[in-house]
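Student: Before I ask anything, here is the structure I am working with.
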Amino acid sequence: MRRFRGGDHSKCPSSTWSRWCLCCAAVACVLCSPVSAEDGCPPSCTCARDSGTVACRGSGEDTDVPGDIPEWTSALVLQGRNISVLQRGAFAANGTELGVTTLSLSENGIQIIEPYAFLGLGRLHLLDLSHNQLTSISARAFHGLPELRSLYLNYTLLPAAAAQLSDALDTQSLRSLHRLELAGNALRSMPLARLDIYNLHALVLVNNSIESVGSENVTSLYQQRRLRVYLALNPFRCSCELEAFYYWLKNSSQCADAARLVCSEPEAKRGIPVEMLRDDDLDCMNENLEAVSYVFLGIVLALIGVVFLMVLYLNRRGIKRWLNNIRDACRDQMEVYHYRYEQDSDPRLANVAV
């Protein structure tokens, strides 16, 4: 399965491209209107007080979040730092709540997010954790973010963290979440079990390992008409299990990239768009009837075998007598042949005959 690269925005949802443009614009503002260290800008950071932006690029030696972030900061960009563990209260070191509304932590080598790691960011609207190497996410990792609306976790979840994702995306900590991006994480199912999808407007699951969408998730999708789902570049298995999702896809416009969903298995249907399948291709009734017919055939053959064995058992004496008669007849016949052979082989009898 081919995966997106970080810069291939032509194939990603439009909001992702807008987000990158926003980050570039923020960096440009920082470079155009720098703030000196005397004005409250942390070391190794560049600040633009007019736009409220602080951008800190690490050299690999920085392993912590800067502890002297200005109170006027509204957009904080940390990139290229070696933050392996995002500790509890990492952004509340100065004891005051920051007014940050946008936080970008992409490409920092983050592996573990501890409980309450984002305390002190009660006004945060956008959190970007993409392109890290998360192996563990606490179930309370996102607690303390009541106003979070956009969460980006693209290309960042390793298998252990992906298994913990449903617990971290609960309704208590993310009740205001509108957009969730989980592209490129090798997910095998849609993480809707504990997520309050009634507040979710966009769910990006591009380039994962989703083979089928269960009926429970399809029911949840039917209940939330505002939700838009992105599912391109997933290896869908176009079998009977995909029937509910197939009919949802044909009867709903919620899948924004439905035209790009193609079958990966079985071999006969590989490359065929899911929307272009026929109803018979996913007809569970035919598959069930075929399975039932094989089962019924097996039962009939088993009954015939049992009846045959019962007949043999009930007639065992007659069969034994019949076999003995055949044996005696064969023995008598062999004795006759043996006698004739001995008579014909005696040369004296041959002379008498002459």
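Student: Give the calculated FRET efficiency between GLU216 and GLU97 to the nearest 0.05, with a Förster radius of 30 Å applied to their Cβ-Cβ distance.
Tutor: Details: r = 39 Å, r/R0 = 1.29.
It comes to 0.20.
Student: A further question on this structure: Once you have the Cα-Cα distance between VAL336 and ALA268, take 0.36 nm times their residue separation minus that, and quote the gain in nm to one decimal.
Tutor: On the way: separation 68, 0.36 × 68 = 24.48 nm, distance 6.91 nm.
Taking VAL336 through ALA268 to full extension adds about 17.6 nm, to one decimal.
Student: Still on this structure: Given the alpha-carbon gyration tensor of region 148-231, what are the semi-axes of its equivalent ellipsoid in whole angstrom, ordered largest first, with each equal to the square root of 5 times an eigenvalue?
Tutor: Details: eigenvalues 62, 47, 29 Å².
Each semi-axis is √(5λ); the values are 18, 15, 12 Å.
Student: So, how do all the Cα-to-Cα distances of region 81-145 break down into 5 Å bins, in percent, from 0 on up?
Tutor: The calculated distribution, bin by bin, is 4, 19, 28, 29, 17, 3.
Student: Once you have the Cα-Cα distance between TRP72 and ARG321, take 0.36 nm times their residue separation minus that, and quote the gain in nm to one decimal. Numbers along the way, then the final one.
Tutor: Values: separation 249, 0.36 × 249 = 89.64 nm, distance 10.85 nm.
The span from TRP72 to ARG321 would gain 78.8 nm if fully extended.
Student: Sort out for me the Cα centre separation of region 118-148 from region 149-195, rounded to whole Å.
Tutor: 11 Å
Taken together, the values in this text are just the output of simple stated rules run on the coordinates, not laboratory data. Bear in mind the structure is a predicted one, so any value in this text is a computation, not a measurement. Positions of Cβ are generated from backbone atoms using ideal geometry, with glycine treated the same way; all protein chains shown enter the neighbour counts.
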